[in-house]
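A short worksheet on the structure shown next.
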Amino acid sequence: MSDKKWELLRAPTPPNRIEFKVGSGKSGAKRAMVLSYMDARFVEDRLDEIMGAENWSASFDFLEWGGKPFVSCKLTVMGIEKQNVGSHGDKDPMDACSHAFKRCASHGFGIGRDLYDSPDIWLKVGTDWSSQIRDTGRSLVITDDGRKEALRIYMAAKPKPAQGAGKERK
């Protein structure tokens, strides 16, 4: 694979493709931490766009590890193979497929790796939809306003590339 393709795969995640979810906090809390992540469709789109749909594939195996269900994903891009696992707990097993696929793409090929450098994002919790995070009494749900504020905080904290950054010195 060419250096240019590696660079394109590892390019920062576009702001419109960054997703957010509540990472920590509980019902009754005043604030909750929000985590950034990428959707599996973003990974598929980036691979299709840069490598071509015919030049990558993913396969999955369902397995058990320590009595818990896991999914193993093998992602092959232009003959380079990477493997990782994902879990789903009590959720839909397809969540584990998506989790394993995204881990392969990030850890193996650098897609979305910038999201791991996300700043700590804390948002206010309230009981109505005008809150940044809504407390339903059973769970915390990020609202549209919360997503907008999380993206604003994320983008403000991203380091700006220095003049000539990314160029190797000879």
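Counting only protein heavy atoms and a 1.4 Å probe, tell me what percentage of the range 1-129's accessible area is made up of carbon and sulfur.
Carbon and sulfur: 49 percent of the exposed surface of the range 1-129.
Taking 2.2 N^0.38 Å as the expected size of a compact globular protein, what ratio does the Cα radius of gyration of the range 1-57 give against it, to two decimals?
1.58
List the trypsin sites (Lys or Arg not before Pro) within the range 38-147 that DSSP assigns to loop and that have no more than 14 neighbouring Cβ atoms inside 10 Å.
Loop-located and lightly packed - K91, R138.
For the chain, what is the accessible area per residue in Å² when the probe is 1.4 Å?
Using a 1.4 Å probe on heavy atoms only, each residue of the chain averages 64 Å².
Set the bar at 27 Å for Cα to Cα. Now go through K68/K124; K102/K158; K4/K74; K26/K68 and name every pair that lies beyond it.
Cα-Cα > 27 Å for K68/K124; rest within.
How large is the charge dipole for the chain, taken about the Cα centre, if only the Cβ atoms of Lys, Arg (+1) and Asp, Glu (-1) carry charge, to the nearest 20 debye?
That gives the chain a dipole magnitude of about 720 debye.
Between A156 and M78, what FRET efficiency comes out of the Förster formula 1/(1 + (r/R0)^6) with R0 = 35 Å and r the beta carbon distance, rounded to 0.05? Working shown, then result.
On the way: r = 36 Å, r/R0 = 1.04.
Working from the Cβ atoms, E equals 0.45.
Give the relative contact order (percent, whole number) for the chain; include only Cα pairs under 8 Å separated by 6+ residues.
Worked out over the chain, it gives 23 percent.
What's the extension gain from R31 to D128 if we count 0.36 nm per residue and subtract their Cα-Cα distance?
33.5 nm
The values are calculated or read from the model by the stated rules, or taken from the named source; none is laboratory data. Predicted model only: the values in this text are computed from it and were never measured. Positions of Cβ are generated from backbone atoms using ideal geometry, with glycine treated the same way; all protein chains shown enter the neighbour counts. What goes into the accessible areas is simple: the full protein's heavy atoms, side chains included, and nothing from ligands, DNA or RNA. Shrake-Rupley method; radii C 1.70, N 1.55, O 1.52, S 1.80 Å.
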